[in-house]
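The structure under discussion appears below in the form of structure tokens.
The values are calculated or read from the model by the stated rules, or taken from the named source; none is laboratory data. Remember, predicted model here, so these are calculated numbers, not experimental data. Counting neighbours? That spans all protein chains shown, and the Cβs are built from the backbone with ideal geometry, glycine included.
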Amino acid sequence: MSGTSLRDSRRIGFVSTRIGGTDGVTLEIRKWAEILEGMGHTCFYIAGQCDFAPERSMVIPEAHFKHPTIEWINRLCFGLTHRNPDVTAEIHEMRWFIKEKLHTAIKRFALDLLIAENCVTIPMNLPLGLAIVETVMESGIACIAHHHDFFWERERFLVNAVDDYLRAAFPPPLTQIQHVAINSQAAQEFSRRTGLHCRMIPNIMDFEHAPEPPDNYSREFRAALGLTAKDILVLQPTRIVQRKGIEHSLELVRRLEDPHVKLVITHTSGDEGERYSERVLMYAELMGVEVILAAPWIANERETTLDGKHRFTIADAYHQADFVTYASTYEGFGNAFLEAVYYRKPIMCNRYSIYRTDIEPCGFDTILMDGFLTDKVVDQVRLVLRDEDRRQRMVEHNYNVAKRFFSYHRAETELSAMLSTALPSDPLPSDPGST
């Protein structure tokens, strides 16, 4: 990565509802921070929950979307068309409180720039989004809004009693903030709604540096899940939410008609409730498919529990997978798709809209379904599982394509341009001897 002179080194603060775990926003924060640090900048983190270095972090519990008051606000603002004045009063009280904390963080870390990660995009925490907008306007601090999921892309936010707040801060239509989305469709829709420019930076992986090969620790992952050497591990590396299309993965395993094929799902349902998770498990039982919920064995870092059991990273899961299913009906981009390519695993992918517009034209070699499984798709999966030469050609080709289009280098180029706009270089000191 390119270097940055000391004069141009900046102090950059990421702000989000949560910075921790393996959700897509946190993963992209880690990647952007790694790139920015490699450019010579220093990164700090402000969130309702934060797993990053404590000396560079400030936790504001009220910024988390699971804070009791925020959950109360959301219950009374979404799915309704009118709001109680008490809710309005609470939103503004929380906005004021969070804003004061943000001002404190800017001063404590001497920040030059804020990067608002999805918190002025999807209204999981209304007071936080409003507070960020007011903080930017009051302090004059440079700001980049990194948009992952707009509210109009999520059905649960479409009926609401806070259209005034959504228009003001989700996203904020301000020229004082630079905007960047993770896919071309979102960037275009943002510009259509606001009249402002929106840059597009897709999800990325460090394709310039291949992952470390699997070691003995990662090889324990299969045994920890109760799998044998004969079993075929089909990995569903997503949360259990409806748009992930897990029914298609279950159907695929059923139609492969091999008792050794096991579907392993890496994440829980997260913040979207348990109804779909219950439906997936019921459907698996009806289909006669063995599903292994691996979340209890997966952590942010490798660790040993108090009873002596190992926990693994998502990288360990990918290393031990034989095949990856990615049957999503909608994605903001496709982190799990890039991860599967990075760890050189064959993939079955649904042609969701962003895949068709932003990924498919790059020329990846994947097994594609178009909304539903066909015999041809199942036969292609069966062939890839059996034919090692075909599998190796596929994964090597995909890695090289991703290295060209979705590497750190691409993001660094875009970030450099945005930082140059947001933070012009300090003028060189004049020569006191000059006239």
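Which of the residues spanning the range 351-403 are part of a helix (DSSP H, G or I), charged (D, E, K, R) and more than 25 Å from Ala187 (Cβ to Cβ)?
Of all residues in the range 351-403, those part of a helix (DSSP H, G or I) come to 353-362, 375-386, 388-403.
From what is left, the residues that are charged (D, E, K, R) are 356, 358, 360, 375-376, 379, 382, 386, 388-391, 393, 396, 403.
If the condition is that a residue be part of a helix (DSSP H, G or I), charged (D, E, K, R) and more than 25 Å from Ala187 (Cβ to Cβ), then Asp375, Lys376, Asp379, Arg382, Arg386, Glu388, Asp389, Arg390, Arg391, Arg393, Glu396 are the ones that fit.
For the range 1-35, what are the residues that are among the polar types (S, T, N, Q) and at pLDDT below 85? Talk me through it step by step, then tell me what you get.
Filtering the range 1-35 down to residues among the polar types (S, T, N, Q) leaves 2, 4-5, 9, 16-17, 22, 26.
Result: Ser2, Thr4, Ser5, Thr22.
Could you grab me the full set of residues in the range 268-311 that are at pLDDT below 90, in contact with a helix residue (DSSP H, G or I) (Cβ under 6 Å, 6 or more places away or on another chain) and assigned to a loop (DSSP other than H, G, I, E, B)?
Thr268, Ser269, listed by residue number.
All but one of (1) without any contact (Cβ under 8 Å) to a residue 40 or more places away in the chain; (2) within 21 Å of His41 (Cβ to Cβ) hold for His103; state the number of the condition that does not hold.
(2)
For Ser139, state whether it is of a type in the set (S, T, N, Q), surrounded by fewer than 24 Cβ atoms within 10 Å (Cβ to Cβ), touching a helix residue (DSSP H, G or I) at 6+ places or on another chain (Cβ under 7 Å) and without any contact (Cβ under 8 Å) to a residue 40 or more places away in the chain.
On the way: of a type in the set (S, T, N, Q): yes; surrounded by fewer than 24 Cβ atoms within 10 Å (Cβ to Cβ): yes; touching a helix residue (DSSP H, G or I) at 6+ places or on another chain (Cβ under 7 Å): yes; without any contact (Cβ under 8 Å) to a residue 40 or more places away in the chain: yes.
So Ser139 fits the description; yes.
Those residues that are touching a Phe, Trp or Tyr at 6+ places or on another chain (Cβ under 8 Å) and β-branched (Val, Ile, Thr), I need them from the range 19-62; list them, please.
Ile19, Ile29, Ile35, Ile46
Considering Asn160, Asn183, which residue is surrounded by fewer than 21 Cβ atoms within 10 Å (Cβ to Cβ), in the same structural domain as Arg18 (by TED's automatic domain parsing) and over 25 Å from Glu100 (Cβ atoms)? Break it down stepwise before answering.
Details: Asn183 fails: surrounded by fewer than 21 Cβ atoms within 10 Å (Cβ to Cβ).
None of the other options fit; the residue is Asn160.
Considering only the range 370-380, I want to know if a residue exists there that is touching a helix residue (DSSP H, G or I) at 6+ places or on another chain (Cβ under 7 Å) and not hydrophobic (A, V, I, L, M, F, W, C).
Residues of the range 370-380 touching a helix residue (DSSP H, G or I) at 6+ places or on another chain (Cβ under 7 Å): 373, 378.
Still in the list and also not hydrophobic (A, V, I, L, M, F, W, C): none.
No, the conditions are met nowhere in the range 370-380.
Have a look at Arg199, Arg275 and point out the one that is of a type outside the set (A, V, I, L, M, F, W, C), touching a strand residue (DSSP E or B) at 6+ places or on another chain (Cβ under 9 Å), surrounded by fewer than 20 Cβ atoms within 10 Å (Cβ to Cβ) and under 30 Å from Ala181 (Cβ atoms).
Exactly one residue qualifies, and that residue is Arg199.
Evaluate the following for Glu55: is it of a type in the set (D, E, K, R), free of Cβ contacts under 8 Å to residues at least 40 places away in the same chain and closer than 21 Å to Ile106 by Cα? Give the derivation first.
Values: of a type in the set (D, E, K, R): yes; free of Cβ contacts under 8 Å to residues at least 40 places away in the same chain: yes; closer than 21 Å to Ile106 by Cα: yes.
Against the criterion (of a type in the set (D, E, K, R), free of Cβ contacts under 8 Å to residues at least 40 places away in the same chain and closer than 21 Å to Ile106 by Cα), Glu55 qualifies.
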